[in-house]
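Quick notes on the structure that follows.
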Amino acid sequence: MTALTQAAPTQAKQRAQRRHMSDGALVRLFIFPTLIILILWNVFPLFYSLYLSFTRYSVIANRAPEWIGFSNYTAILSRPTFWQSFATTGVYALLSVGLQTVLGFSLAMLLRQKFKGSGFITTLTLIPMMLSPVVVGMFWKLIYNPSYGIFNFLLNPTNPRLATDMLANPVSAMLAVVIVDVWMWTPFVMLLCLSGLNAIPDYLYEAAAIDRASAWFQFRRITLPQVAPLLLIAVLFRTIEAIKAFDLMMGLTGGGPGKSTETVSIALYRLAFSGQFNTGQASALAYIVLIIIICISNVYIRYLNKLRGE
Amino acid sequence: MATITLQQVEKKFGSAYAVQPMDLTIQDGEFVVLLGPSGCGKTTTLRMISGLEAVTSGKILLNGRDVTWLHPSERDIAFVFQFFALYPHLTARENVAFPLQAQSVPRDEVTKRVNEVLKLLQIEHLANSRPAALSGGDQQRIALARALVRRPSAFLMDEPLGALDAEFRETMRAEIKRLHLSINATTVYVTHDQVEAMAMSDRIVVMSAAVVQQVGTPAEVYYDPANLFVARFIGSPGMNLLKGRYSEGVVSFGGSKRLPVPAAWRAAVDQVTQGGGELIVGFRPEAASVRADGELEATVYASDLHGGFSMLHLDLGHENPIVHVRASRQEIYPIDALVRFSLDPNMVRFFDPRTEKALQPVAEVAL
């Protein structure tokens, strides 16, 4: 009797072990599908486009890629229009990231104080970030419309038509795109800064009060260094995004007027998918952008590590 | 250097008292310990003195100057926190320099004064480390250095040793005491550790349940507790407290256990019990001595060796609590053995069971 009752659970256990896989097998089962998809969609194109960047090749021509060495790179770097698109991207990144940093940090300092409805307001300010960039481009186009848009009405309430048409003038078009990007992404910088500010323990400010530090001294010597790592991460993310900026311009200006808002990404898009479909040169340009982003990120990360450790 | 005066200072959170109205004067150069169990209001009192916490009512004077509503930075006091509160992104040296830089002290002088303090506390070798890389003891040394470097008129310390290992605590206790003796600055020190309070203080303020129970020197608090709370709280173990019935100069604890009341106390005891009634007798473990002709009889409940001496736990029977008595290390008392002990008449105290307050010997009052 006792032997029977003991045997039954042991058998059940063995059966269960046969049915179930080991932990390792289970881990592999979950990882492999993702890994295969990643290799097909990310790793393979990455290396294939690197190969294509050294060839003369067009996806619409029925010809095999022809190896031409660094010719694509020299062609791009010697053409002034590309340098102009780099400059446009730089100006855009500098303006929008700079403004986002200042505004985002200031907003975070304001929303750090808890008041009635501060949680609700914080949530509200995050809404622009959640919209699709193309949608944002479309409705800001309406806002900027010189005849019936609210932006020009605010610029000149009596006769909106007399105010500048934001999207028609090269300088104001750049400004218009920057304004939209700042409107959309300041909440992101604010969110990271806010979490950084909230993580500063109160006792540091108590100690500073005892140490007779003025509000400005506390801000400079405690608040800023404590938030700096998160602020820097926000700036890094936004800089990378700004260098890759594409959808917002596409929706708002299409790169115009003229080439005034044509960033590298738009130049790249034109090279790859309109007119000659110059796949080889487009790949080379994509790699140049990648190298620039890696260099900038490295500078940031190095500075970040210096802030954290030493 | 400063005197600190608290006049009817109180703190309420909602309708609950964190600190009931208290008066206290701390003399220049004095080392005063606020002692009590957690939640008794001692830290709140300290934070009110520092200005980190606003008073509900009452006045705080520093050197006669009313600072009740001044910001902590305007009070010229230094505060040492239980969990150090060092600036984590600054090195030890930068932490110590912080209060000077905040006051725009010239660079040369900052360097000079920081070096002096680091040398005084013997932590020069830690100057370039960040707090996270240091032990609790070293972090607290840096926090002390940061407090010292300013040369404030008073030091407030909130359980500075509370977060340290037992081993470190002894060393740091000695260091803080030495420091106090060498600079002789007014210090208010909060702790829940009565050994620490005894060892370091000039005066102890015993607090419990938001109320000051007694203010006195360590000896006063130990030998003459003002009430039953202080009697139980101070000392380890606390004072032995036996409830008995008093009549005609003798307290009886059931059966034949009787204790004659010393002559100095008789008038006071007579007055409180109105000639006869319940009375609480208190004595410290070292007030009792085991001897063949002792007036009280008990059985040994347990005995344990405390290194230099043994502690006997004696059962008097008749629902009396276990009594702790100090005995010589050499003698061995088997469990359940019958022993007799007597009490030193100078070290016996009496308490009124209704008010829980200590009685005062009438003879002393007459003096």
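The values are calculated or read from the model by the stated rules, or taken from the named source; none is laboratory data. No experiment lies behind these values; they were computed from the predicted model shown. FYI the Cβ positions are ideal-geometry reconstructions off the backbone, even for glycines, and counts take in every protein chain you see.
So how many residues does the range A:125-135 have that are out of contact with any Phe, Trp or Tyr (no Cβ under 8 Å at 6 or more places or on another chain) and surrounded by 11 or more Cβ atoms within 10 Å (Cβ to Cβ)? Even if it seems obvious, please write down each step before you answer.
If we filter the range A:125-135 for residues that are out of contact with any Phe, Trp or Tyr (no Cβ under 8 Å at 6 or more places or on another chain), which is where we start, we get A:125-127, A:130-135.
Checking the rest, the ones that are also surrounded by 11 or more Cβ atoms within 10 Å (Cβ to Cβ) come to A:125-126, A:131, A:133-135.
Going through the range A:125-135 one residue at a time, the tally reaches 6.
Given the range B:203-273, what strands (runs of 3 or more DSSP E) lie entirely inside it while holding 1 or more residues that are farther than 21 Å from B:Pro345 by Cβ? Even if it seems obvious, please write down each step before you answer.
Numbers: elements: B:203-208, B:211-216, B:240-247, B:250-252, B:258-260.
Once the strands (runs of 3 or more DSSP E) in the range B:203-273 are filtered for at least 1 residues that are farther than 21 Å from B:Pro345 by Cβ, what remains is B:203-208, B:211-216.
Here are the criteria: (1) away from every other protein chain (no Cβ under 12 Å); (2) within 24 Å of B:Leu179 (Cα to Cα); (3) not in a strand (DSSP E or B). Tell me which single one B:Thr25 does not satisfy.
(3)
When residues of the range B:312-332 are filtered for being free of Cβ contacts under 8 Å to residues at least 40 places away in the same chain and surrounded by 13 or more Cβ atoms within 10 Å (Cβ to Cβ), how many remain?
Initially, the range B:312-332 is screened for residues free of Cβ contacts under 8 Å to residues at least 40 places away in the same chain, giving B:312-315, B:322, B:327-330, B:332.
Now drop any that are not surrounded by 13 or more Cβ atoms within 10 Å (Cβ to Cβ), which leaves B:312-315, B:322, B:327.
Residues flagged as free of Cβ contacts under 8 Å to residues at least 40 places away in the same chain and surrounded by 13 or more Cβ atoms within 10 Å (Cβ to Cβ) within the range B:312-332 amount to 6.
Considering only the range B:127-162, state which residues are surrounded by fewer than 24 Cβ atoms within 10 Å (Cβ to Cβ), hydrophobic (A, V, I, L, M, F, W, C) and assigned to a loop (DSSP other than H, G, I, E, B).
Residues satisfying the conditions are B:Ala127, B:Leu134.
Each row is one residue, and each column tells you yes or no for (1) within 11 Å of chain A (Cβ to nearest Cβ); (2) part of a strand (DSSP E or B); (3) surrounded by 17 or more Cβ atoms within 10 Å (Cβ to Cβ); (4) in contact with a helix residue (DSSP H, G or I) (Cβ under 9 Å, 6 or more places away or on another chain).
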site: B:Val33; (1), (2), (3), (4): no, yes, yes, yes
site: B:Ser38; (1), (2), (3), (4): no, no, no, no
site: B:Thr44; (1), (2), (3), (4): no, no, yes, no
site: B:Ile49; (1), (2), (3), (4): no, no, yes, no
site: B:Glu53; (1), (2), (3), (4): yes, no, yes, yes
site: B:Gly58; (1), (2), (3), (4): no, yes, yes, yes
site: B:Trp69; (1), (2), (3), (4): no, no, no, no
site: B:Ser73; (1), (2), (3), (4): yes, no, yes, yes
site: B:Ala78; (1), (2), (3), (4): yes, yes, yes, yes
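Considering only the range A:108-117, how many residues are more than 21 Å from A:Trp185 (Cβ to Cβ) and part of a helix (DSSP H, G or I)?
Of all residues in the range A:108-117, those more than 21 Å from A:Trp185 (Cβ to Cβ) come to A:113-117.
Adding the requirement that they be part of a helix (DSSP H, G or I) leaves none.
Qualifying residue count, the range A:108-117: 0.
Out of curiosity, is A:Leu204 out of contact with any helix residue (DSSP H, G or I) (no Cβ under 6 Å at 6 or more places or on another chain) and surrounded by fewer than 21 Cβ atoms within 10 Å (Cβ to Cβ)? Steps first, please.
Numbers: out of contact with any helix residue (DSSP H, G or I) (no Cβ under 6 Å at 6 or more places or on another chain): no; surrounded by fewer than 21 Cβ atoms within 10 Å (Cβ to Cβ): yes.
No, not satisfied.
Name the residues in the range B:84-101 that are at the interface with chain A (Cβ under 7 Å from one of its Cβ atoms) and either touching a Ser or Thr at 6+ places or on another chain (Cβ under 7 Å) or part of a loop (DSSP other than H, G, I, E, B) (or both), would you? Reasoning before the result, please.
The initial filter retains those residues of the range B:84-101 that are at the interface with chain A (Cβ under 7 Å from one of its Cβ atoms), namely B:85, B:87, B:89, B:98-99.
Passing the criteria: B:Ala85, B:Tyr87, B:His89.
Could you look through the range B:80-98, keep only residues that are within 21 Å of B:Leu164 (Cβ to Cβ) and among the small types (Gly, Ala, Ser), and pick out the one that is surrounded by the fewest Cβ atoms within 10 Å (Cβ to Cβ)?
Restricting to residues being within 21 Å of B:Leu164 (Cβ to Cβ) and among the small types (Gly, Ala, Ser), the top hit is B:Ala85.
In the range B:99-126, which residue that is over 23 Å from A:Gln218 (Cβ atoms) and among the polar types (S, T, N, Q) is surrounded by the fewest Cβ atoms within 10 Å (Cβ to Cβ)? Show your work before the answer.
Of the range B:99-126, the ones over 23 Å from A:Gln218 (Cβ atoms) are B:108, B:112, B:115-116, B:118-126.
Retained after the next criterion (residues that are among the polar types (S, T, N, Q)): B:115, B:122.
On the way: B:Asn115: 15, B:Gln122: 10.
Looking at residues that are over 23 Å from A:Gln218 (Cβ atoms) and among the polar types (S, T, N, Q), I get B:Gln122.
Inside the range A:151-176, can you point out the residues that are more than 23 Å from A:Thr89 (Cβ to Cβ) and touching a Phe, Trp or Tyr at 6+ places or on another chain (Cβ under 9 Å)? So that I can check it myself, show each step before the final result.
First, pick out the residues of the range A:151-176 that are more than 23 Å from A:Thr89 (Cβ to Cβ): A:151-165.
Listed by number, the residues that qualify are A:Phe151, A:Asn152, A:Pro160, A:Ala163, A:Asp165.
Is at least one residue of the range B:166-174 among the aromatic types (Phe, Trp, Tyr) and modelled with pLDDT of 90 or more? Even if it seems obvious, please write down each step before you answer.
Let us first name the residues in the range B:166-174 that are among the aromatic types (Phe, Trp, Tyr), namely B:168.
If we keep only those that are modelled with pLDDT of 90 or more too, we end up with none.
No, the conditions are met nowhere in the range B:166-174.
Looking at A:Met138 and the list (1) under 21 Å from A:Asp165 (Cα atoms); (2) surrounded by fewer than 17 Cβ atoms within 10 Å (Cβ to Cβ); (3) free of Cβ contacts under 8 Å to residues at least 24 places away in the same chain, which single condition is not satisfied?
Failed condition: (3).
Suppose the filter is modelled with pLDDT of 80 or more, of a type outside the set (S, T, N, Q), under 33 Å from the mean Cα position of the chain (by Cα) and exposed (fewer than 11 other Cβ atoms within 10 Å of the Cβ); does B:Asp304 pass it?
Working: modelled with pLDDT of 80 or more: yes; of a type outside the set (S, T, N, Q): yes; under 33 Å from the mean Cα position of the chain (by Cα): yes; exposed (fewer than 11 other Cβ atoms within 10 Å of the Cβ): yes.
Yes: the conditions hold for B:Asp304.
Take A:Ala87 and decide whether it is out of contact with any helix residue (DSSP H, G or I) (no Cβ under 6 Å at 6 or more places or on another chain) and part of a loop (DSSP other than H, G, I, E, B).
Working: out of contact with any helix residue (DSSP H, G or I) (no Cβ under 6 Å at 6 or more places or on another chain): yes; part of a loop (DSSP other than H, G, I, E, B): no.
No: the conditions fail for A:Ala87.
Tell me, which helices (runs of 4 or more DSSP H) lie completely within the range A:177-296 with 1 or more residues that are without any contact (Cβ under 8 Å) to a residue 40 or more places away in the chain and either within 14 Å of chain B (Cβ to nearest Cβ) or farther than 25 Å from A:Leu142 by Cα (or both)? Before you say what the answer is, go through the steps one by one.
Details: elements: A:202-210, A:215-218, A:224-243, A:247-252, A:264-273.
Output list reads A:202-210, A:215-218, A:224-243, A:264-273.
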